[in-house]
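Since the structure comes first, as structure tokens, the remarks are kept for the end.
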Amino acid sequence: MRIPRLVLISLTAPLLPFMLIGCGRTTIINDLGSPGNPQPGGSGSTAAFVYVVSQSTSGTPNQVVAFTADANGLLTAVPGSPFNQDVTSIAANGKYLMATANSQPDINTYTIALNGAPTLATQFNYGQDAGYRSNIDTTCGGMGGLLFDHSGQSLYAAVGNINCSSNNAIASFAVDPSTGSLSYLGNVNIGYNSSSDIAFLGTNDFAYSALPGMYWSVMSFERGSNGMLDRNGSFTSVHLMAAPPGSSLGLINGYTPGLTGTDTANHVAIAEYPDFTVNGAPQPVQLASYTADANGNLSTNDTYATMPATSVTTPLDLEISSSGTLLAVGGVGGLQVFHFNGANSITGFTSLLTADSISGMSWDNSNHLYAFTLTGAAYGSNSVSPGKLHVFSVTNTTASEAPGSPYTIPTPVAIAVQPAVAAQPD
């Protein structure tokens, strides 16, 4: 996931890049038909508002490119777009669009107009809170990606080099529903080379991250009643999955858990990275489904034989649809969609929908998947220039590129999708 967030890169197989919360990841919250924020036009013709940050390559401020998506996934520019807001990561919660400022230690709150246009409402200076900036080193505590919980009442942000310690952290904020202003709750230090690319269960009680850092496992977090995120003290670490018999093992005796994605219930999809070869050949990334119990512990019935392989060379984002039945996998090498079956094994669905390398994705509630391409050479990928925004129409039985897709975005680095209609059955 995504430039320009805080990243420690390593593409040496079989390791996944060490990353913080993705600028491309967003949580789909309430639709715009919720009380106090009526649906545009009241006709249901608008499926979503789509916001993409376009990073400047010439030293000028970044911009937010905004679209309205119709029922077919066709995008139309929001009046006034692109908006000259110099931000990086963004997230939407149904009423507000949040964004990290590019040049100041601020989180901006924007109200979303009925036509989708964002208007700056408040700013929160996180530089005033302990752990973000020291008195002698202003490079400490850089803010990365933003993510809402499913209720939209709490905002979370990745913090790199917390307290100048070289450790990463996740900061928690409460959102005032009347004004969109933020209150800092605290942070949880997650250590060096650990991922704060978290995904919440549908209950909001627990969140998970998994990237092969110093822990080689899955991390679990518990959300307090006030929204504060902390380590889940009841969590028993997920055991590494065993390699097939006869494999030539590497440093890890089997699979390394990678990116996580969650459905609206209590299931977690995990990308499993093989640290072994079969007959001397490297193996593709496979996908496992786990189920969380009342304490947030994860279990699975999957093995090497039941996990489907993905054609995406290096997954950078896992996103499950609001229906909970579709799992999108995007990254270096393309984008592919699978059937997600809750506690049962994930099953294959599409081949690669695009061979463009994908940096970030998000679903709306109307069977549309939005994905922007990986630009630049930070991951050593087949970079796409200029950048693209793909829109796919995906149901449980069909998948195709939407009319007008892909769209040219100079250098896309983050995406937030705000659904405008309630979920429809597949």
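The values are calculated or read from the model by the stated rules, or taken from the named source; none is laboratory data. All values reported here derive from a predicted model rather than from experimental measurement. Every residue, glycine as well, gets a Cβ built from its backbone with ideal geometry; the counts of neighbours run over all protein chains shown. Please note that ligands, DNA and RNA were not included when accessible areas were found on the heavy atoms of the full protein model with its side chains. Shrake-Rupley method; radii C 1.70, N 1.55, O 1.52, S 1.80 Å.
Annotations for the structure displayed:
- Karplus (6.51, -1.76, 1.60) ³J(HN,Hα), θ = phi - 60°, over region 329-341, in Hz, Gly and Pro reported as x: 10, x, x, 5, x, x, 9, 9, 10, 10, 7, 9, 10
- The label-point distance for Leu74 and Ser311, in a model that sets each label 7 Å from Cα toward Cβ, rounds to 2.9 nm.
- Two-site FRET efficiency, Asn226 against Asn344, from Cβ-Cβ distance with R₀ of 25 Å, rounded to 0.05: 0.10
- Of the residues Met241, Met361, ranked by 1.4 Å probe accessible area with the largest first, the sequence reads Met241, Met361.
- Taking 7 Å steps out from each Cα toward its Cβ at Ala294 and Leu249 produces label points 3.6 nm apart.
- Karplus (6.51, -1.76, 1.60) ³J(HN,Hα), θ = phi - 60°, over region 101-107, in Hz, Gly and Pro reported as x: 5, 7, 10, 10, x, 10, 10
- Derived scalar couplings ³J(HN,Hα) [region 55-64; Karplus, 6.51 cos²θ - 1.76 cosθ + 1.60; whole Hz; x for Gly, Pro]: 7, 6, 10, 10, x, 7, x, 5, 10, 10
- Extension gain, Ala174 back to Thr119 (0.36 nm per residue minus Cα-Cα distance, nm): 17.8 nm
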